[in-house]
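What follows is a set of notes on a single structure, which appears directly below.
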Amino acid sequence: MPEHGSPSVRRRRLAAELRRLREYAGLNAGTVADRLSWSGSKLSRIETSKSGVKEEDVRLLLDLYRIDEPHRSEVLTLARESPRSASIGSADIASYPAGYAEFADAEAEAISIWNWEPQVVPGLLQTDSYAREVIRGWYAMFNLPPTELEARVASRMTRQQLLTRDHPPNFSAVIDESVIRRRFGDNAVMHGQLERLARSSGMPNVEIRVLPLGGYHPIGAGAFLYMQFPQKHDVPFQDIVTVEQLDREYLIEDVTNTNKYRVTFEHLKAEALEPALSRDLIVGVAAEIWS
């Protein structure tokens, strides 16, 4: 399957670990390239996950860095897993905004997902009717074919399966109160969506909080997802934030920047209503406005 410039989380993890091992061995990139008769650009692309790496090349690097068991086998296992296909089909990816495959792959790997949504219901909790209305605006604006709209809706529904799979991630959402009052589609679409939100709040791995209109709203904090990942074969991986913009999904990995989003989400969560009160508000708005 084509990569479409979107390295998987596992490939990113492998790249980061190979870079860490080189630095731990006290070798600079130029020295490693010279000893292996590689070009400097080859090593750079491997360590920045801009290209995949063959298992035999990983073995050469581990030999040079003098990595013994059991860590050697752990890194090699990660190398075998890293070319894994992204979580959505290649036929769908071409029609999606840039970065979508990368985002979907990261989401599928996460063990914890925090989502702040000031405008729409989180994608992982949308009904197909609501999702269609949300996505329709983009496709109508740019006169894109209806088949692409339906493919995007289907993909969003497929993504939601991660919340009910074996060992699902913990999903925590904070949504602005305006979200449950903002119309997408007719009353039936909105009522069905709020019913879905109320039901989802009862899932053991899902927490939904509503930030009331009278609460603290940090200006400039647009929608984002904060994702945490498991340690894999004793190889850690840093948290990732994804931010959706008009033209693409942006992944943020720098620790300093991701920490700002962590602090922001924790503050939003503290300002929002408790889950039980949030559910009561959602049910009340469904009955008051969308019946």
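Every number in this text was worked out from the coordinates using simple rules, so none of it is lab data. Small disclaimer: the values here were computed from a predicted structure and weren't measured. Reconstructed Cβ throughout: ideal geometry from the backbone, glycine too, with neighbour counts over all protein chains shown.
Counted by Cβ distance under 15 Å from ALA188, the other residues give a net charge of -1, where Lys and Arg count +1 and Asp and Glu count -1. Which of the aspartates and glutamates could a cross-linker span from LYS50 if the Cα-Cα distance has to be under 13 Å and same-chain partners fewer than 8 positions apart are dropped? Of all the aspartates and glutamates, those that pass the test against LYS50 - Cα under 13 Å, at least 8 places apart if same chain - are GLU3, GLU102.
Modelled spin labels at ASN143 and ARG183, positioned 7 Å past Cα toward Cβ, are 2.8 nm from each other. Extension gain, GLN161-GLU23: 0.36 nm per intervening residue step, less the Cα-Cα distance, totals 45.7 nm.
Given 0.36 nm per residue, what is the gain on full extension from GLU150 to ARG136 after removing their alpha carbon distance, in nm?
4.1 nm
Among ASP63, ASP239, ASP166, ASP280, sorting on how many other beta-carbon atoms sit within 10 Å of each Cβ, with the fewest leading, yields ASP166, ASP63, ASP280, ASP239.
Just to compare against my own numbers: the Cα pair-distance distribution for the chain, 5 Å bins, whole % per bin, please. Bin by bin from 0 Å, the calculated values are 1, 5, 11, 14, 15, 15, 12, 9, 6, 5, 4, 2, 1, 0, 0. To the nearest ten degrees, helix 71-81 and the longest principal axis of the Cα atoms of the chain are 60 degrees apart.
A crude spin-label estimate for the pair ASP254 and GLU81, with each label 7 Å from Cα along the Cβ direction, gives 3.0 nm. Using the rule -39500 (n - 2.57) for each DSSP H run of four or more residues, divided by the residues of the chain, the 222 nm mean residue ellipticity is -15500 deg cm²/dmol.
When every alpha-carbon pair in the stretch 9-81 is counted, what percent end up more than 15 Å apart? Roughly 47 percent, once rounded to a whole number.
Can you say what percent of the DSSP beta bridges in the chain, counting only those with both residues inside, are antiparallel? Round to 5.
50
Taking the charge dipole of the stretch 9-81 about its Cα centre, with +1 at Lys and Arg Cβ atoms and -1 at Asp and Glu Cβ atoms, the residue from ILE46, ALA25, THR77 reaching farthest to the positive side is ILE46. Legend: P(r) of the stretch 111-233 from all alpha carbon pair distances, 10 Å bins from 0, whole percents, reading 12, 40, 35, 12, 1.
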